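First comes the structure, then the notes that go with it.
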Amino acid sequence: MTREEVFEKVVEILNQYSKKEISKENISMETSILEDLEINSARLVDIVLDFEDAFDIEVDDDDADTVATVGDGVNLILKKIQ
Amino acid sequence: MNDLKFKERFALKIQYMAGWVTLPFWSTLLIALMRFVGRYRIQHLREIRRYYKNLKRTVEGPILLCSNHLTKIDSLILNWSLASTWSYMKSFKIFSWNLPERANFYQNYILRTLCYVGSCVPIDRGGSREAVKKSLDKVTYLLRKGHTVTVFPEGGRSRTGRIQEDKFTYGVGRLVNKVSNCHVLCVYLRGHNQKNYSDIPHKGARFYMNMELFKPESAYSGLRATRDVANQIAGRLVRMEQAYFAAAGQ
């Protein structure tokens, strides 16, 4: 799976939680999930669990803590699927 | 597994000792303020204290108190309700540590001192991950050492006056899963005239308090277990709130 494909899927997942309408055109790897997308911090675990389901990976608590931006999420997924 | 350095563990021990030694002074002062200035009363205080005393005697393992959150002094009221100053003098371990928001309670010298002796571990909500993790590591350590800790799983005072399940932080689930044999005491606390959130309870408040002890178990592991346990706690607190309003005829 390429970085681009992972990015698209991540955007799709984030869309379910963000109060804003987001697409791959209006967000970047540096976009903050909490601040820029206005996603409640309590929902971060749900998002990471969706990553697990969508990419068939397992993420532990410490890895989940590293996810702050869209890029963090994409990189974590790439690390896990490789 | 210990995530704290010796220096940090030692600092907590010193804080604990300082709190215990000075307890009669600040506890008397705060209780007097609550009783005579706030004119607060706890309904069924004797039964509540008997229940808590019995719990501490019979439950093996640490107890994490999870409460709804409507005012900035909820943790004070909780500690006042659960045992007398004399009981805390005899066993200060039953006095609950808590995690106040640094921005709210560490702005002046007096509050800082009271928080220090009053067993507080400040937390920077929305702060750096390292800082938040450090605070959580401290309370994890304290729980493992058999201390009692209070957390407000909504992460702040409810803006609606009711428990906000959607605001529930999963950190509470992680805390429970990191501490073996951890029991959760769900507490529903509310002043009779408390319609919404506020800084302090309204004058003359009579506090209703209900408690339910349980030991969360999850069939999952990792993050799913964290979420599952947090949801179990949230579910209990919501049911306790529903029971309160049903009894009040609302």
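Pairing each residue of segment B:11-40 that is at pLDDT 95 or above with any residue that is among the small types (Gly, Ala, Ser), provided the two are 6+ apart or on different chains, yields C-beta distances under 6 Å for B:19/B:119; B:39/B:204; B:40/B:205.
If you take the residues in segment A:54-82 that are more than 10 Å from chain B (Cβ to nearest Cβ) and either in contact with a strand residue (DSSP E or B) (Cβ under 6 Å, 6 or more places away or on another chain) or of a type in the set (Asp, Glu) (or both), which one is farthest from residue A:32 (Cα to Cα)? Looking at the filtered set, the residue picked out is A:56. When you look at residue B:114, is it open to solvent by 40 Å² or more (accessible area, probe 1.4 Å), away from chain A (no Cβ under 14 Å), touching a residue at least 24 places away in the same chain (Cβ under 8 Å) and assigned to a helix (DSSP H, G or I), yes or no? For residue B:114, the condition - open to solvent by 40 Å² or more (accessible area, probe 1.4 Å), away from chain A (no Cβ under 14 Å), touching a residue at least 24 places away in the same chain (Cβ under 8 Å) and assigned to a helix (DSSP H, G or I) - is met. One residue stands out among those in segment B:199-250 that are among the basic types (Lys, Arg) and outside any helix (DSSP H, G or I): the one that is least open to solvent (accessible area, probe 1.4 Å), which is B:215.
Screening residue B:168 against (1) under 13 Å from the mean Cα position of the chain (by Cα); (2) within 9 Å of chain A (Cβ to nearest Cβ) leaves a single unmet condition, (1).
Criterion applied to B:81, B:128, B:91, B:87 was being among the small types (Gly, Ala, Ser) and crowded, with 18+ Cβ neighbours inside 10 Å, and the one residue passing it is B:81. Looking only at residues of segment B:204-230 that are in contact (Cβ under 8 Å) with a residue 24 or more places away in the chain and out of contact with any helix residue (DSSP H, G or I) (no Cβ under 8 Å at 6 or more places or on another chain), we find that the one that is farthest from residue B:38 (Cα to Cα) is B:215.
Yes/no per residue for (1) within 20 Å of residue B:170 (Cα to Cα); (2) buried (at least 16 other Cβ atoms within 10 Å of the Cβ); (3) out of contact with any Phe, Trp or Tyr (no Cβ under 6 Å at 6 or more places or on another chain):
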{"site": "A:49", "(1), (2), (3)": "yes, yes, yes"}
{"site": "A:54", "(1), (2), (3)": "no, no, yes"}
{"site": "A:58", "(1), (2), (3)": "yes, no, yes"}
{"site": "A:61", "(1), (2), (3)": "yes, yes, yes"}
{"site": "A:73", "(1), (2), (3)": "yes, yes, yes"}
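Can you find, within segment A:35-47, the residue that is modelled with the highest pLDDT among those that are facing another protein chain (nearest Cβ under 9 Å), part of a helix (DSSP H, G or I) and open to solvent by less than 60 Å² (accessible area, probe 1.4 Å)?
Top of the filtered list is A:46.
For segment B:128-139, check the following and say yes or no: at least one residue is part of a loop (DSSP other than H, G, I, E, B), in contact (Cβ under 8 Å) with a residue 12 or more places away in the chain and polar (S, T, N, Q). No: zero hits. Please verify whether segment A:18-34 includes one or more residues that are closer than 20 Å to residue B:168 by Cβ, away from every other protein chain (no Cβ under 11 Å) and either surrounded by 12 or more Cβ atoms within 10 Å (Cβ to Cβ) or hydrophobic (A, V, I, L, M, F, W, C) (or both). Yes, segment A:18-34 contains at least one residue that is closer than 20 Å to residue B:168 by Cβ, away from every other protein chain (no Cβ under 11 Å) and either surrounded by 12 or more Cβ atoms within 10 Å (Cβ to Cβ) or hydrophobic (A, V, I, L, M, F, W, C) (or both).
The values are calculated or read from the model by the stated rules, or taken from the named source; none is laboratory data. Small disclaimer: the values here were computed from a predicted structure and weren't measured. Quick reminder, even Gly has a Cβ in these numbers, built from the backbone with ideal geometry, and neighbours come from all protein chains shown. These area figures cover heavy atoms from the full protein model, side chains too; ligands, DNA and RNA do not enter into them. Shrake-Rupley method; radii C 1.70, N 1.55, O 1.52, S 1.80 Å.
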